[in-house]
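Read through the structure below, which is laid out as structure tokens, and then see the notes.
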Amino acid sequence: MQNEIKHHLTDEILMGYAAGTLPEAFNLMVATHLSLCDTCRAHAESYDALGGELIAQTPGNDVTMDDDSFAATMSLIAGGAPDEIRVPRVAGSILPGPLQDYVRGDLDAVKWRAIGMGVKQAILPTSRDASARLLFIPAGAAMPDHGHKGTEMTMVLQGAFQDEDDYFARGDVEVADSDLHHTPVADIHEDCICLAVTDAPLEFQGLLPKIAQRFARI
Amino acid sequence: MFAGLDTTKSMEQPDPNVVAAAVTGHAGMEDSDGKRMLWVSHMVHIRDTRDQAAFKELFEHFAPRVKGFLVKSGADASLAEECAQEVMATCWHKAHMFDPARASVATWIFTIARNRKIDLLRKQRRPEPEDLGWGPEEDPDQADVLALQQESEQLGRAIAELPAAQRELVQRAYFGDLSHSEIADQTGLPLGTIKSRLRLALERLRHAMK
């Protein structure tokens with residue numbers, strides 16, 4: 001499956017992930033995609049390497065450490081390593097590990113809310129500068145037509161969807177900027193589950209979805 | 001290593017004498033600060049023998065750089081100091097996780113500092129991808145280690161040789177906790193210019209890694 005991913009993350013997003021400048025919801029998208037995509041994982045590592053070289057090249061003499069800095073660090077070390085709580089992840093789930101951490105379990109732990117026309121969503125707890133949610137679109141159903149403010153990325157976890165231009169299957173990421181109006185339709189063969197992140201609220205066109213939007217916080 | 005910049009590079013077999021020199025910790029290669037392989041061997045000593053002298057040298061070199069990175073990212077001096085100490089303590093505790101066939105010591109420390117920055121300054125979680133299912137090997141192939149360290153040296157040189165305007169922009173993209181549109185606001189340059197200049201910088205780096 002892995003080498004069939006055709007739609008990848010952009011350089012800008014991968015660089016932002018390495019630099020640590022993305023909103024949490026975007027980091028969740030990247031970590032989820034990297035769990036499925038070796039190509040982007042290798043790219044992400046090279047952006048880490050870029051950060052490493054940049055830090056290596058800073059002069060190092062423009063900042064001084066406190067006088068007792070090394071001793072303080074040694075006593076930190078003597079205090080022992082901080083505990084790391086790692087929740088066991090379910091292998092073979094359609095939710096990659098990073099998503100399981102946010103859902104606090106596997107697919108059956110997702111708290112879906114219907115938002116109309118068979119579409120369901122579950123908003124994931126991230127920082128407020130961007131939002132992340134899981135979307136459930138019944139096989140063959142269309143998402144309401146919507147335009148975007150800001151950047152939206154949608155990654156397929158199960159099933160597939162098609163928009164005017166392309167076909168997206170598991171692991172594929174669709175990146176939509178403000179100029180794109182699109183109507184993705186879920187593939188007929190299977191219900192489609194996606195991770196969608198955006199740094200702005202979606203604006204739906206049409207009365208009914210707008211009301212649904214108000215209640216659904218999207 | 002630099003798959004993002006060059007996916008076609010083939011790995012050349014390094015000279016065995018150079019490898020032997022690298023293994024024993026005597027840097028058998030020239031690098032920008034002459035110490036790339038030395039840091040790798042220090043990490044091995046910290047991992048295997050809890051070598052405090054090696055750790056002190058590593059600390060003196062990297063702690064101020066980490067602190068500088070955190071200050072540029074918006075931490076005040078005392079928070080940056082505290083945080084840099086924690087980053088260096090993590091290097092000690094997690095020395096067994098460092099894999100010199102996958103990253104330079106500078107890269108590894110950078111990722112620890114970056115994660116601490118997100119945690120402390122942004123007060124956010126940092127989602128990490130699934131483990132690949134294999135940690136660092138007990139004794140990674142020294143040819144792989146040397147090849148990786150040489151590639152990061154090559155990358156370092158390529159960054160140093162970027163035109164000043166491009167290099168400065170790459171630095172801003174990493175140090176300063178700014179998105180590309182925030183950089184545009186700060187510099188007064190149009191977002192399109194920021195993006196194309198960064199793209200040019202990456203193209204140059206890719207070319208240099210061929």
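Any residue at all in segment B:124-142 that is more than 7 Å from chain A (Cβ to nearest Cβ) and at pLDDT 90 or above? Spell out how you get there, then give the answer.
So the first thing to find is which residues in segment B:124-142 are more than 7 Å from chain A (Cβ to nearest Cβ), and the list is B:131-142.
Okay, now just the ones that are also at pLDDT 90 or above, so none.
There is no residue in segment B:124-142 that is more than 7 Å from chain A (Cβ to nearest Cβ) and at pLDDT 90 or above.
Counting only residues that are farther than 17 Å from residue B:107 by Cβ and free of Cβ contacts under 8 Å to residues at least 40 places away in the same chain, how many does segment B:51-74 have?
Qualifying residue count, segment B:51-74: 12.
Which is farther than 21 Å from residue A:71 by Cα and either out of contact with any strand residue (DSSP E or B) (no Cβ under 6 Å at 6 or more places or on another chain) or of a type in the set (D, E, K, R) (or both), of B:43, B:37? Before you say what the answer is, go through the steps one by one.
Details: B:43 fails: farther than 21 Å from residue A:71 by Cα.
Sole residue among the options that is farther than 21 Å from residue A:71 by Cα and either out of contact with any strand residue (DSSP E or B) (no Cβ under 6 Å at 6 or more places or on another chain) or of a type in the set (D, E, K, R) (or both): B:37.
Residue B:104 versus (1) of a type in the set (Ser, Thr, Tyr); (2) within 7 Å of chain A (Cβ to nearest Cβ); (3) open to solvent by 10 Å² or more (accessible area, probe 1.4 Å): which is the lone unmet condition?
(3)
Give the residue that is modelled with the lowest pLDDT, with candidates limited to residues of segment A:171-181 that are of a type outside the set (A, V, I, L, M, F, W, C) and buried (at least 18 other Cβ atoms within 10 Å of the Cβ).
Keep residues of segment A:171-181 that are of a type outside the set (A, V, I, L, M, F, W, C), which gives A:171-172, A:174, A:177-179, A:181.
Then keep just the ones that are buried (at least 18 other Cβ atoms within 10 Å of the Cβ); that gives A:171-172, A:174.
Values: A:171: 95, A:172: 95, A:174: 91.
This residue is A:174.
Quick one: is residue B:160 among the aliphatic types (A, V, I, L, M), open to solvent by 20 Å² or more (accessible area, probe 1.4 Å), farther than 26 Å from residue A:31 by Cα and at the interface with another protein chain (Cβ under 10 Å from one of its Cβ atoms)? Spell out the reasoning first.
On the way: among the aliphatic types (A, V, I, L, M): yes; open to solvent by 20 Å² or more (accessible area, probe 1.4 Å): yes; farther than 26 Å from residue A:31 by Cα: yes; at the interface with another protein chain (Cβ under 10 Å from one of its Cβ atoms): yes.
Against the criterion (among the aliphatic types (A, V, I, L, M), open to solvent by 20 Å² or more (accessible area, probe 1.4 Å), farther than 26 Å from residue A:31 by Cα and at the interface with another protein chain (Cβ under 10 Å from one of its Cβ atoms)), residue B:160 qualifies.
Select, from B:125, B:102, the only residue that is among the charged types (D, E, K, R), closer than 25 Å to residue A:33 by Cβ and more than 15 Å from the chain's Cα centre (by Cα). Can you show your working first?
Details: B:102 fails: more than 15 Å from the chain's Cα centre (by Cα).
Answer to the selection: B:125.
Of the conditions (1) outside any helix (DSSP H, G or I); (2) closer than 27 Å to residue A:197 by Cβ; (3) open to solvent by less than 20 Å² (accessible area, probe 1.4 Å); (4) more than 7 Å from chain A (Cβ to nearest Cβ), residue B:183 clears all except one; give me its number.
Of (1) outside any helix (DSSP H, G or I); (2) closer than 27 Å to residue A:197 by Cβ; (3) open to solvent by less than 20 Å² (accessible area, probe 1.4 Å); (4) more than 7 Å from chain A (Cβ to nearest Cβ), only one is false for residue B:183: (1).
Kindly establish whether residue A:166 is among the charged types (D, E, K, R), open to solvent by 20 Å² or more (accessible area, probe 1.4 Å) and under 22 Å from residue A:199 (Cα atoms). Break it down into steps so the answer makes sense when it comes.
Working: among the charged types (D, E, K, R): yes; open to solvent by 20 Å² or more (accessible area, probe 1.4 Å): yes; under 22 Å from residue A:199 (Cα atoms): no.
Spelling it out, it is not the case that residue A:166 is among the charged types (D, E, K, R), open to solvent by 20 Å² or more (accessible area, probe 1.4 Å) and under 22 Å from residue A:199 (Cα atoms).
Among the residues of segment B:163-180, write down those that are facing another protein chain (nearest Cβ under 10 Å) and closer than 21 Å to residue B:106 by Cβ. Step through it out loud before you land on a result.
Here is the first cut: in segment B:163-180, the residues facing another protein chain (nearest Cβ under 10 Å) are B:167, B:170-180.
Matches in segment B:163-180: B:167, B:170, B:171, B:172, B:173, B:174, B:175, B:176, B:177.
Counting only residues that are in a strand (DSSP E or B) and at pLDDT 90 or above, how many does segment A:141-161 have? Let's see the steps before the verdict.
Let us first name the residues in segment A:141-161 that are in a strand (DSSP E or B), namely A:142, A:146-147, A:152-158, A:160-161.
In the following step, the residues that additionally are at pLDDT 90 or above were identified as A:153-158, A:160-161.
Qualifying residue count, segment A:141-161: 8.
The values are calculated or read from the model by the stated rules, or taken from the named source; none is laboratory data. Predicted, not measured: the structure shown is a model, and the values here were computed from it. Counting neighbours? That spans all protein chains shown, and the Cβs are built from the backbone with ideal geometry, glycine included. Heads up: the accessible areas ignore ligands, DNA and RNA and are worked out on the full protein's heavy atoms, side chains in. Shrake-Rupley method; radii C 1.70, N 1.55, O 1.52, S 1.80 Å.
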